[in-house]
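S.K.: My questions will all concern the structure given below.
The values are calculated or read from the model by the stated rules, or taken from the named source; none is laboratory data. Everything numeric in this text was worked out from a predicted model, so none of it was measured. Note that we place each Cβ from the backbone using ideal geometry, even for glycine, and neighbour counts take in every protein chain shown.
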């Protein structure tokens, strides 16, 4: 296999762009080659393998005496075994730690099995970019020297979110209050906490359909509503508000409460994550999430 220093691979897209996948190759415990899909999940700090992979990887990949408690925006927590897993992506071989889930990840996409997901730590460690401008995953080549804020019609720094949450966030402004908003390419839906919706008097229209949302750690019941919101974007001479309007799932609690994140700096506890922007909205906006340059942007030319 030819090994390339940089990678650029096309995303495998679902209808409505509700989730971005990339095709990977791997070998099972019998040294047989397989092809599967990995979800690119900016809403997860960790990598996760589907339970169906347990029979493929063998006991030698299990990291002995290592088990990690994983949480999500469902209130439950679960302990997952840690495994070492290798796969090839874009002509390059990666080896990393994955958490072995206790259930299948998703249905097949374009005839291929979804075998797991890679999270923000993997994307950051490997200098990767989720690019909805051309629907690729590629190595970053952006720097302050070759990209100016003036070239973008949307621009937001990722450092604050990575520092405090280890996740990419942006700011939504409502009634003079700035609300922390998670960018989650692993979510098909936008979400908002019911408390946030009512306390900040968002303009919204509730829909009859609600239902449940399933996460790695359990299910949570939701309502559904169309909501008007204002995102903040940096410009050369200040900050601009950009209006948005989309369908949101309304959770009975915060996406992530303040106590879900450790405060390593000795400062006061960080604000909760109150909204979540999902994959379909980001795809429609054509945003680029650069985990090396630590910015979220869209070029004016795009």
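S.K.: Which one is surrounded by the fewest Cβ atoms within 10 Å (Cβ to Cβ) among residues in region 293-302 that are assigned to a loop (DSSP other than H, G, I, E, B) and touching a strand residue (DSSP E or B) at 6+ places or on another chain (Cβ under 7 Å)?
M.R.: To start, the set of residues in region 293-302 that are assigned to a loop (DSSP other than H, G, I, E, B) comprises 293-294, 300-302.
Now drop any that are not touching a strand residue (DSSP E or B) at 6+ places or on another chain (Cβ under 7 Å), which leaves 294, 300.
On the way: 294: 18, 300: 9.
So, considering only residues that are assigned to a loop (DSSP other than H, G, I, E, B) and touching a strand residue (DSSP E or B) at 6+ places or on another chain (Cβ under 7 Å), the one surrounded by the fewest Cβ atoms within 10 Å (Cβ to Cβ) is 300.
S.K.: Can you name the residue in region 245-269 that is assigned to a strand (DSSP E or B) and surrounded by 15 or more Cβ atoms within 10 Å (Cβ to Cβ) and is also modelled with the lowest pLDDT among such residues?
M.R.: Only one residue tops the list, namely 256.
S.K.: Tell me which of these residue 222 doesn't satisfy, since it passes every other one: (1) closer than 27 Å to residue 290 by Cα; (2) touching a strand residue (DSSP E or B) at 6+ places or on another chain (Cβ under 7 Å); (3) assigned by TED's automatic domain parsing to the domain that holds residue 294.
M.R.: For residue 222, the failing item is (1).
Condition check ((1) modelled with pLDDT of 90 or more; (2) surrounded by fewer than 16 Cβ atoms within 10 Å (Cβ to Cβ)) across all residues:
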residue	(1), (2)
53	no, no
59	no, yes
64	no, yes
70	no, no
80	no, no
91	yes, yes
94	yes, no
102	no, yes
120	yes, no
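S.K.: Anything in region 26-61 that is under 30 Å from residue 277 (Cβ atoms), outside any loop (DSSP other than H, G, I, E, B) and touching a helix residue (DSSP H, G or I) at 6+ places or on another chain (Cβ under 9 Å)? List them, or say none.
M.R.: 36, 40, 49
S.K.: Could you tell me whether residue 130 is out of contact with any strand residue (DSSP E or B) (no Cβ under 8 Å at 6 or more places or on another chain) and either free of Cβ contacts under 8 Å to residues at least 24 places away in the same chain or within 27 Å of residue 250 (Cα to Cα) (or both)?
M.R.: In short, no.
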